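These notes concern the structure reproduced below.
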Amino acid sequence: MEKIEAISNIVIQSKKIVVFTGAGHSTESGIPDFRSPGGIWDRFDPADFSYQKFLSSEANRERIWAFFKEVWPAVANAQPNPGHYAIAELYHMGKLDCVITQNIDSLLQKSGVPEEKVIELHGTMKWVICLGCGKRYPREEIQGRLDSGEKVPKCDACSGILKTATISFGQPMPERETREAQLRSANCDLFLVAGSSLVVYPAAQMPLIAKESGAILIIVNLTPTPHDGYADIVIYEKTGQVLPQIVEQVKVRLKG
Ligand SMILES: [Zn+2]
């Protein structure tokens, strides 16, 4: 495929690649895309899971924790797919500046991308944070407490409200991560979107920052995105199929 060849050439010439992953990158690992038709937000009202709802009452927290308790095993047991491993290979080649992700599943880290190379714009399911004192708990530990009958876990240090370290609807974006993502986007030479429909802001602004700063923009997503017109190359396919092909081509060419 001509586009794969063209992209592999660009990858070879690039020194600072930023990969941007969204829900589409993890669906092949069995993590549901909450926003897709038939997804979780078709069956539940996102407004019921907002930050404001979570803060507003103990009853709401109980309901939301019951939901988190149910979805956690699927996330904890999910395994990286070939798309994740392809990104890890870019890292091993010394090409990867960082991955900016909207995903909260830690699958990039599981595939071998070092923690410090992953900017998690929407937080992570791996940790639970006390909103009072900031103490962090491994999600597994809290799951154990829920399994043994606790309905609304509280901080054992300050009795504060515990919340998963994910960014909920209505919750402010994490400042440090957002700033870091903007900076890296402005300084890369290739910005590769993998499995994001680029509709959630401010995450979706990153490819535009990269493009305006002179980077090449490539979008791999199953369906069209609002930013396709700005991209140098667009491929409408699954990232788990396309990214490994690109990396394979790069390896062949570097050897030849
Ligand atoms: Zn606390």
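Mind running the shape call on the range 100-256? Use the C-alpha gyration tensor, a ≥ b ≥ c as the square roots of the eigenvalues: rounded below 1.5 for a/c, prolate if a/b tops b/c, oblate otherwise. Taking the square roots of the gyration eigenvalues as a ≥ b ≥ c, the range 100-256 is prolate. Note the angle between two axes, namely the Cα long axis of helix 2-13 and the longest principal axis of the Cα atoms of the chain, as a number of degrees from 0 to 90, rounded to the nearest 10. So the helix axis and the longest Cα principal axis differ by about 80 degrees.
Each Cα pair under 8 Å and six or more residues apart adds its sequence gap; the mean of these over the residue count of the range 1-158 is a relative contact order of 23 percent.
Compared with the dominant Cα axis of the chain, that is its longest principal axis, helix 82-92 is turned about 70°.
Listed highest first by mean packing, meaning other Cβ atoms within 10 Å per residue, what order do 8-15, 171-178, 204-211, 90-97 come in?
Working: 8-15: 16.0, 171-178: 13.5, 204-211: 21.1, 90-97: 17.5.
Final packing ranking: 204-211, 90-97, 8-15, 171-178.
Using the average count of surrounding beta-carbon atoms within 10 Å as a protection proxy, the listed peptides 145-156, 117-128, 58-69 rank, highest first, as 117-128, 58-69, 145-156. A simple spin-label model places pseudo-atoms 7 Å from Cα toward Cβ; at Glu62 and Lys15 they are separated by 6.0 nm.
The local environment of Phe191, defined by Cβ-Cβ distances under 12 Å, has a net charge of -1 under the rule Lys, Arg +1 and Asp, Glu -1. Principal-axis analysis of the Cα atoms of the chain puts helix 175-187 at an angle of about 0° to the longest axis.
Taking a point 7 Å from the Cα of Met173 along the Cα-to-Cβ direction, the residues of the range 99-125 with backbone N closer than 15 Å to it are 100-103, 119-123.
Relative contact order, whole percent, for the range 69-130 stands at 33, derived from Cα pairs under 8 Å and 6 or more residues apart.
Pairs Lys16/Lys126; Lys95/Lys251; Lys15/Lys238: which are spaced more than 18 Å apart, C-alpha to C-alpha? As for pairs spanning more than 18 Å Cα to Cα, those are Lys16/Lys126; Lys15/Lys238.
Once you order the gyration tensor axes a ≥ b ≥ c over the Cα atoms, which shape class does the range 179-256 get: rounded for a/c under 1.5, otherwise prolate or oblate by comparing a/b with b/c? Intermediate results must be reported in sequence, preceding the final value.
Details: a/c = 2.18, a/b = 1.37, b/c = 1.59.
Verdict is oblate for the range 179-256.
With each run of n ≥ 4 DSSP H residues scored as -39500 (n - 2.57), what mean residue ellipticity at 222 nm is computed for the chain after dividing by its residue count and rounding to the nearest 500 deg cm²/dmol? Don't skip to the answer; put the middle values down first.
On the way: 11 runs with 107 residues, N = 256.
One gets -12000 deg cm²/dmol as the mean residue ellipticity at 222 nm.
Quick note: the coordinates plus some simple rules give every number you see, no bench work behind them. No experiment lies behind these values; they were computed from the predicted model shown. In this analysis, Cβ positions are derived from the backbone assuming ideal geometry, glycine residues included, and neighbour counts consider all displayed protein chains.
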